[in-house]
Amino acid sequence: MSLALKRLLVLLRDLSLLAMLGGVAGLKLGAPVLGTWIGALLGAAWAGWRDARRAGRLMRWMRGDMEAAAPRDGELWGELAYRTERALLLRERALQAERERLAEFLSAIDASPNGVLLLGADEQIVWLSQVAAVHLGLDRERDLGQRITNLVRAPAFVSTLQSGSAEPVLMNGRALQQMLSVLVRRYGQGQCLVLTQDVTERLRNEAMRRDFVANVSHEIRTPLTVLGGFVETMATLPLGEEERARMLTMMSQQTARMQTLVADLLTLARLEGSPQPPPGDWHAVADLLERIGIEVEGLSRGRHRLVLPDPEDAALQGVEIAGSLGELMSAMTNLASNAVRYTPDGGRIEIAWTCREGGGAVFEVRDSGIGIAPEHLPRLTERFYRVDGSRSRETGGTGLGLSIVKHVVQRHGAELTIDSQPGQGSTFRILFPASRVHCRAAAPALQDARR
Ligand code: ADP
């Protein structure tokens, strides 16, 4: 039944009911027609008053926050309230779905390693990701609605924002020595999308690559120049036998220097470019230590007091290490050879292997040499970093030894630690993880003073 027909029937019902009652009352008073009319009028007034009350309730609900349930009246007003409430509910659900989608979208942007910032037409901050907040030193809550140029005043940023340039600019970030690349894109009605990217690492790598090429060129140019000079001298001057022999010795020294450098460069390139050494390749530690001992004795040639592990020691029997034998030899020999080169004659050099109680083991090279000042320690493993360049070169150093050690150590899941005091000597340790070491012997390896 249509709503209008239903309403008409209800009105007729009320009118006829009250008209009938009025008629009956009028009959008793001797005026049935008048009674019927008055009854019908009262019926119409009752219907009007009831409608007004229901409409009033609905209006009060609509004027309020509509949080409570809509008035549950019958007929037209009830239906109106129900339909309004339902429409609101559906809209609220659609809005909620939209809000969730927006939140998801924003959290996806938040997950980006780059910072994202949305600016309104007046350069006020509309939204910013956590990374952008960290990059630019902003507060995600407090700074919303603020003009960005009041908060970020770096000239490069301000000028790219104002010029509308589409090129990324570099500026300092909030963190120490952090460099940011900032890109501004305009959209809509003067709004801006600002993207920030931390390029510190990239710039550092580029600088390192440039330095590396410059260093290699420099390292090779020096012996080449010396060699060139000798070749020219020999070609142009009549030399005595003794002089010739002296020059040839020096030429062969320079050639050896270049060969060592190239060998170290190739080792580094191999370490950087090859997959990690397999964890299942086990080697006897006693054999490894014996070979290193022989190398050290050869390098020291009796100039130092050496304390080397005894390969026959019962504590070393059955102890194994997993990894690349060549790489491990190279790292350990580098440390041992440094100890020899940076310890004056008569000094003491001690090499030790200790199985740790909780698992893993320590390879240690301790010397009583010249030591290293604390400010140099963090940079020692950088390529070509030398505390004293001339001493390093005089003793045949390339400046790459500790870089090689660092790479080998990392590739074996180990850790390199350095303790040193100028004039008091140094201790270099490689801490191998339990996964790379089989320590069957219970007691730590005993060191045997061989000399
Ligand atoms: P180098 O070929 O110059 O020895 P390394 O990378 O092996 O290059 O070492 C880097 C620098 O660390 C050396 O130049 C030296 O100044 C310092 N160094 C390394 N080992 C020792 C040590 N045992 N005692 C003192 N200084 C050391």
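The values are calculated or read from the model by the stated rules, or taken from the named source; none is laboratory data. The model shown is predicted, which means the values in this text are computed figures rather than measured ones. Cβ sites come from the backbone with ideal geometry, for glycine too, and all protein chains shown count toward neighbours. Heavy atoms of the whole protein, side chains included, go into the accessibility calculation; ligands, DNA and RNA do not. Shrake-Rupley method; radii C 1.70, N 1.55, O 1.52, S 1.80 Å.
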* To do: Considering (1) open to solvent by 40 Å² or more (accessible area, probe 1.4 Å); (2) modelled with pLDDT of 95 or more; (3) in contact with a Leu (Cβ under 8 Å, 6 or more places away or on another chain), say which one Leu377 fails and leave the rest.
  => (3)
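Only one of Glu206, Glu232, Glu241 is open to solvent by 50 Å² or more (accessible area, probe 1.4 Å) and either under 30 Å from Glu167 (Cβ atoms) or in the same structural domain as Val182 (by TED's automatic domain parsing) (or both); which?
Details: Glu232 fails: either under 30 Å from Glu167 (Cβ atoms) or in the same structural domain as Val182 (by TED's automatic domain parsing) (or both); Glu241 fails: either under 30 Å from Glu167 (Cβ atoms) or in the same structural domain as Val182 (by TED's automatic domain parsing) (or both).
Being open to solvent by 50 Å² or more (accessible area, probe 1.4 Å) and either under 30 Å from Glu167 (Cβ atoms) or in the same structural domain as Val182 (by TED's automatic domain parsing) (or both) holds for just one of Glu206, Glu232, Glu241, which is Glu206.
Can you tell me which residue is surrounded by the fewest Cβ atoms within 10 Å (Cβ to Cβ) among those in region 81-121 that are of a type outside the set (S, T, N, Q) and touching an Asp or Glu at 6+ places or on another chain (Cβ under 9 Å)? Explain how you work it out, then say what you get.
Of the residues in region 81-121, the ones of a type outside the set (S, T, N, Q) are 81-83, 85-95, 97-106, 108-111, 113, 115-121.
Those still in the list that are touching an Asp or Glu at 6+ places or on another chain (Cβ under 9 Å) too: 81, 113, 115-116.
Working: Ala81: 20, Pro113: 7, Gly115: 25, Val116: 18.
Ranking the qualifying residues of region 81-121, first place goes to Pro113.
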* Criterion violated by Leu289 - all others in (1) of a type outside the set (Asp, Glu); (2) closer than 26 Å to Arg393 by Cα; (3) in a helix (DSSP H, G or I); (4) touching a residue at least 24 places away in the same chain (Cβ under 8 Å) satisfied -> (2)
* Name the pairs whose Cβ atoms lie under 7 Å apart, with the first residue in region 416-427 and farther than 18 Å from Pro344 by Cα, the second near the ligand (Cβ under 10 Å from one of its atoms) and open to solvent by 60 Å² or more (accessible area, probe 1.4 Å), and 6 or more positions between them or separate chains? -> Leu416/Lys406
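To keep it simple, each residue is scored yes or no on (1) at pLDDT 95 or above; (2) assigned by TED's automatic domain parsing to the domain that holds Ile321; (3) open to solvent by 60 Å² or more (accessible area, probe 1.4 Å).
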site	(1), (2), (3)
Phe384	no, yes, no
Val387	no, yes, yes
Arg393	no, yes, yes
Ile404	yes, yes, no
Val408	yes, yes, no
Thr417	yes, yes, no
Pro422	yes, yes, yes
Gly425	yes, yes, no
Ile430	yes, yes, no
